[in-house]
Amino acid sequence: MPVLPGAEPFRHEGGEVGVLLCHGFTGSPQSLRPWAEYLAERGLTVALPLLPGHGTRWEDMQVTGWQDWYAEVDRELRALRERCSQVFVFGLSMGGALTLRLAAKHGDEIGGIVVVNPANKVHGLSAYALPVLRHLVRTTKGLTSDIAKEGGIEIGYDKVPLHAAHSLRNFFRLVDGELPQVTQPMLLLHSPQDHVVPPADSARILSRVSSTDVTEILLEQSYHVATLDHDADRIFEESFAFVSRLAPSAGKEAGADQAGQQEGTATGG
């Protein structure tokens with residue numbers, strides 16, 4: 001299936017400090033592309049993959065699960081590690097959960113993590129019905145475009161495939177058990193007004209990780225997709241400052257010709 005226009009993955013060959021960005025459930029790289037471009041412009045090597053089953057049509061996602069999504073970001077992380085001396089992982093929503101699992105599994109291979117409105121649990125009564133409901137109903141209403149900024153649009157599915165949602169629920173349970181294994185420096189940014197992921201998820205994550213270098217920032221002007229919202233610039237600036245503090249060489253190799261090295265490839269999941 002062709003990738004939706006704007007949902008293509010993004011890669012940039014920069015310096016020896018790399019960043020892997022992980023997008024959210026039913027979303028696409030479009031939600032993180034301005035963030036990825038900001039980092040690329042500052043000389044970082046950047047990978048923003050399209051997760052399997054995403055960015056095409058919801059039917060493609062119905063036959064994927066968390067193992068597929070995690071395998072993709074794990075593969076991208078390993079490729080960055082071969083290319084870069086230091087690697088950081090950033091994630092939005094479910095991408096935050098993917099980030100946390102990578103951190104739990106890869107330890108010192110990851111220099112630090114940044115998570116924006118990270119998801120930790122499927123909430124509501126429907127979560128308990130998913131094991132049965134997914135066999136009776138194929139989809140429920142979509143989760144995309146929770147953005148306060150007027151005209152803000154997130155490219156993603158207008159339906160949630162319930163088989164995939166059931167897998168997501170299982171993934172959140174798995175990651176929650178692994179949070180104590182997360183030891184890296186962490187920057188967590190979350191929106192008090194989030195209509196997709198409640199603040200309780202961020203609180204739970206903060207209470208369970210073992211990281212000692214932790215910064216929490218509230219995004220007062222944004223909803224869930226804060227990377228496309230009023231606080232986007234703050235997210236970009238704070239995350240680059242975070243990387244620069246932990247990897248002083250970040251961006252030092254940036255040259256005037258790097259804008260022409262950006263590459264976007266359409267290799268759908």
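For a quick check: with amide H placed at 1.01 Å from N, whose amide H comes under 5 Å from I217's, ignoring anything fewer than 5 positions away on the same chain?
For I217, the qualifying residues are L188, L189, H190.
Starting from the amide H of E154, placed 1.01 Å from N in the peptide plane, find each other amide H under 5 Å away whose residue is 5 or more places distant or on another chain.
For E154, the qualifying residues are S145.
For the range 109-115, what does the Karplus curve 6.51 cos²θ - 1.76 cosθ + 1.60, with θ = phi - 60°, yield as ³J(HN,Hα) per residue in whole Hz, taken in order and with x for Gly and Pro?
Residue by residue, the range 109-115 yields 5, 10, x, x, 10, 10, 10 Hz.
Starting from the range 140-207, pick out the GluC sites (Glu not before Pro) whose DSSP state is loop and whose Cβ has at most 13 other Cβ atoms within 10 Å. If you can, show how the numbers build up before the last one.
Working: sites: E150, E154, E178; in loops: E150, E154.
Sparse-neighbourhood loop GluC sites (Glu not before Pro): E150.
Per residue, how much accessible area does the chain have with a 1.4 Å probe, in Å²? Each step should come with its number before you reach the end.
Working: 11100 Å² over 269 residues.
So the chain comes to 41 Å² accessible per residue, rounded to a whole number.
What are the aspartates and glutamates whose alpha-carbon lies under 18 Å from the alpha-carbon of K149, with same-chain residues fewer than 8 places away excluded?
Hits, sequence-local ones excluded: D194, E220, D229, D231, D233.
For F25, enumerate residues with amide H under 5 Å from its amide H, sequence gap 5+ or separate chain, H modeled in the peptide plane.
M94, G95
Sorted by mean Cβ packing within 10 Å, highest first, what order do the peptides 33-39, 18-24 take? Please list the in-between numbers first.
Values: 33-39: 21.7, 18-24: 30.3.
Going by the mean number of other Cβ atoms within 10 Å, highest first, we get 18-24, 33-39.
Relative contact order of the chain: what whole-number percent is it, with Cα pairs under 8 angstrom and at least 6 residues apart?
On the way: 625 pairs, mean separation 71.9, N = 269.
Answer for the chain is 27 percent.
To two decimal places, what compactness ratio does the chain give when its Cα radius of gyration is scaled by 2.2 N^0.38 Å?
Working: Rg = 17.2 Å, N = 269, 2.2 N^0.38 = 18.4 Å.
After normalising by residue count via 2.2 N^0.38 Å, the value is 0.93.
Between the DSSP loop rule and a limit of at most 15 other Cβ atoms within 10 Å, which trypsin sites (Lys or Arg not before Pro) in the range 58-97 are left? Intermediate values should be presented prior to the final figure.
On the way: sites: R75, R78, R81, R83; in loops: none.
Those that pass, being in a loop and sparsely packed, number zero.
Between D158 and R83, what FRET efficiency comes out of the Förster formula 1/(1 + (r/R0)^6) with R0 = 45 Å and r the beta carbon distance, rounded to 0.05?
Numbers: r = 36 Å, r/R0 = 0.81.
Approximately 0.80, to the nearest 0.05.
The values are calculated or read from the model by the stated rules, or taken from the named source; none is laboratory data. In this text, all values refer to a predicted model and were calculated from it rather than measured experimentally. Cβ sites come from the backbone with ideal geometry, for glycine too, and all protein chains shown count toward neighbours. For the accessible areas, the whole protein counts, side chains as well, though only heavy atoms, and no ligand, DNA or RNA atoms are used. Shrake-Rupley method; radii C 1.70, N 1.55, O 1.52, S 1.80 Å.
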